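Visitor: Structure in structure tokens, see below.
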Amino acid sequence: MDINQVIRVVENVKQKTPLVHNITNVVVTNFTANGLLALGASPVMAYAKEEVEDMAKISRALVLNIGTLNETEVEAMILAGKSANAHGVPIVFDPVGAGATSYRTKTAQRIVEELDITVLRGNAAEVANVMGEQWLIKGVDAGEGHGDLVSLAESAAKQLKTVVVITGKQDIITDGVTTYIVHNGHVLSTKVTGAGCLLSAVVGACIGVEENPLTAAVSAVSSYGVAAELAAMKKEKEGPGSFQVEFLNQLSHLSAQHIKQYASIEKKESV
Ligand code: ATP
Ligand code: TZP
Ligand code: MG
Ligand code: MG
């Protein structure tokens, strides 16, 4: 992917300040809103069934996250998602914890069945469980085994007709035909709760200004990883608390020069 496309997407988020409607979990709500603001997007959290259809309709992207799901919220997600689909608003879905309980797995599967999802973003075990494969959510080291993760992402993308993003040590982004592997990011992100959830929301911000979802997702994942690396350069020694704050700073300072210098995006050659 031309690095200038990534730069353009990040600049467009700052210029166009896309409204991103999040129905997310209680753990990460504040961090998600602050991360979106730092990047230049305009976050809104709205959950009531009485308003989610209207909010989704006027947003540039809808981000659904089942991290602390309950039945009322799931119904709101379906209502918001149907409204987004009806009005051409792209949806990012983060199936947090799919596979950990059967309620989560079934709900995640219901969401991908009932809604047209534009980007599915999760760790390998979550994506596998959405697809009905019984990977352990904890225990199996789903972050390794590069080859298998690429085929998992590609088959999920083909089956669901979405862009799929599997994150971990390396991040895989695919529409089922074209696949990118992003080598950015920092392990300290795994010590900050919501680093994955915020990434899903950042994919929402990018998809709100870039109509090609693969380009939007690669731009989001690589620039997010670059911001994490820059934050770690400054604060790794101090630990996750300082890193978290510095990461927000770096999201807001992300420049074309940083992206050119540090983004590491590999296009997978088809076999
Ligand atoms: P999990 O539930 O497994 O913690 P998550 O939803 O929090 O997953 P991650 O896979 O941790 O999401 O991804 C969040 C960010 O952290 C991404 O930018 C990803 O590239 C980065 N990341 C995750 N693991 C590593 C790692 N081992 N080394 C470097 N970066 C990582
Ligand atoms: N529990 C329910 S949702 C959540 C926790 C700890 C946050 C998960 O965030 P992430 O981004 O998937 O690490
Ligand atoms: Mg995490
Ligand atoms: Mg997660």
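Visitor: Counting just the residues of segment 102-135 that are assigned to a strand (DSSP E or B) and either within 13 Å of ligand 2 (Cβ to nearest atom) or acidic (Asp, Glu) (or both), which one comes out surrounded by the fewest Cβ atoms within 10 Å (Cβ to Cβ)? Spell out how you get there, then give the answer.
Guide: Of all residues in segment 102-135, those assigned to a strand (DSSP E or B) come to 119-123.
Filter once more, keeping what is either within 13 Å of ligand 2 (Cβ to nearest atom) or acidic (Asp, Glu) (or both): 121-123.
Details: 121: 32, 122: 26, 123: 23.
Looking at residues that are assigned to a strand (DSSP E or B) and either within 13 Å of ligand 2 (Cβ to nearest atom) or acidic (Asp, Glu) (or both), I get 123.
Visitor: State all residues of segment 183-227 that are over 19 Å from residue 37 (Cβ atoms), of a type in the set (Val, Ile, Thr) and more than 7 Å from ligand 1 (Cβ to nearest atom); if no residue qualifies, say none.
Guide: 215, 218
Visitor: Another one. From the list 187, 163, 177, which one is farther than 18 Å from residue 96 by Cα, away from ligand 2 (no atom under 16 Å from the Cβ) and of a type in the set (A, V, I, L, M)? Working first, answer last.
Guide: On the way: 187 fails: away from ligand 2 (no atom under 16 Å from the Cβ); 163 fails: farther than 18 Å from residue 96 by Cα.
The match here is 177.
Visitor: Please determine, by comparing only the residues of segment 236-271 that are hydroxyl-bearing (Ser, Thr, Tyr) and over 21 Å from the mean Cα position of the chain (by Cα), which one is most open to solvent (accessible area, probe 1.4 Å). Break it down stepwise before answering.
Guide: First, the residues of segment 236-271 that are hydroxyl-bearing (Ser, Thr, Tyr): 242, 252, 255, 262, 264, 270.
Restricting the remaining residues to those that are over 21 Å from the mean Cα position of the chain (by Cα) gives 242, 270.
Details: 242: 39, 270: 100 Å².
Ranking the candidates gives 270 first.
Visitor: Out of the residues in segment 58-100 that are acidic (Asp, Glu) and more than 13 Å from residue 114 (Cβ to Cβ), which is surrounded by the fewest Cβ atoms within 10 Å (Cβ to Cβ)?
Guide: Going residue by residue through segment 58-100, those that are acidic (Asp, Glu) are 71, 73, 75, 94.
Now narrow it down to the ones that are more than 13 Å from residue 114 (Cβ to Cβ): 71, 73, 94.
Values: 71: 9, 73: 21, 94: 31.
Checked segment 58-100; the qualifying residue surrounded by the fewest Cβ atoms within 10 Å (Cβ to Cβ) is 71.
Visitor: Where residues in segment 10-30 are hydrophobic (A, V, I, L, M, F, W, C) and open to solvent by less than 20 Å² (accessible area, probe 1.4 Å), which of them is nearest to ligand 3 (Cβ to nearest atom)?
Guide: Keep residues of segment 10-30 that are hydrophobic (A, V, I, L, M, F, W, C), which gives 10, 13, 19-20, 23, 26-28.
Now restrict to residues that are open to solvent by less than 20 Å² (accessible area, probe 1.4 Å): 10, 13, 20, 23, 28.
On the way: 10: 23, 13: 23, 20: 20, 23: 19, 28: 10 Å.
Ranking the qualifying residues of segment 10-30, first place goes to 28.
Visitor: Shifting gears a bit: Being within 16 Å of residue 31 (Cα to Cα), open to solvent by less than 40 Å² (accessible area, probe 1.4 Å) and touching a strand residue (DSSP E or B) at 6+ places or on another chain (Cβ under 7 Å) narrows it down to one of 217, 205, 228, 195, so name that one. Walk me through how you get there before you give the answer.
Guide: Numbers: 217 fails: within 16 Å of residue 31 (Cα to Cα); 228 fails: touching a strand residue (DSSP E or B) at 6+ places or on another chain (Cβ under 7 Å); 195 fails: touching a strand residue (DSSP E or B) at 6+ places or on another chain (Cβ under 7 Å).
Every option except 205 fails the conditions.
Visitor: Determine which member of the set 229, 236 is farther than 30 Å from residue 176 by Cβ, away from ligand 2 (no atom under 16 Å from the Cβ), charged (D, E, K, R) and in contact (Cβ under 8 Å) with a residue 40 or more places away in the chain.
Guide: Details: 229 fails: farther than 30 Å from residue 176 by Cβ.
Going through 229, 236 in turn, the sole match is 236.
Visitor: Checking the structure you have, find out if any residue of segment 259-270 is under 20 Å from residue 16 (Cβ atoms), in contact (Cβ under 8 Å) with a residue 24 or more places away in the chain, away from ligand 2 (no atom under 14 Å from the Cβ) and of a type in the set (A, V, I, L, M, F, W, C). Full working, then the answer.
Guide: Step one: of segment 259-270, the residues under 20 Å from residue 16 (Cβ atoms) are 259.
Among the residues that remain, those that are also in contact (Cβ under 8 Å) with a residue 24 or more places away in the chain are: 259.
When the remaining residues are screened for being away from ligand 2 (no atom under 14 Å from the Cβ), the result is 259.
In the following step, the residues that additionally are of a type in the set (A, V, I, L, M, F, W, C) were identified as 259.
The answer is yes; a qualifying residue exists.
Visitor: Only one of these is more than 9 Å from ligand 1 (Cβ to nearest atom) and either at pLDDT below 95 or of a type in the set (S, T, N, Q) (or both): 175, 116, 141. Name it.
Guide: On the way: 175 fails: either at pLDDT below 95 or of a type in the set (S, T, N, Q) (or both); 116 fails: either at pLDDT below 95 or of a type in the set (S, T, N, Q) (or both).
On inspection, the qualifying residue turns out to be 141.
Visitor: Right, residue 61: in contact (Cβ under 8 Å) with a residue 40 or more places away in the chain and small (Gly, Ala, Ser) or not? Steps first, please.
Guide: Numbers: in contact (Cβ under 8 Å) with a residue 40 or more places away in the chain: yes; small (Gly, Ala, Ser): yes.
Taking the combined requirement at face value, the residue satisfies it.
The values are calculated or read from the model by the stated rules, or taken from the named source; none is laboratory data. This is a predicted model, so every value here is computed, not measured. Neighbour counts run over all protein chains shown; Cβ positions are idealised from the backbone, glycine included. Quick note on the areas: whole protein, heavy atoms, side chains included, nothing else; ligands and nucleic acids left out. Shrake-Rupley method; radii C 1.70, N 1.55, O 1.52, S 1.80 Å.
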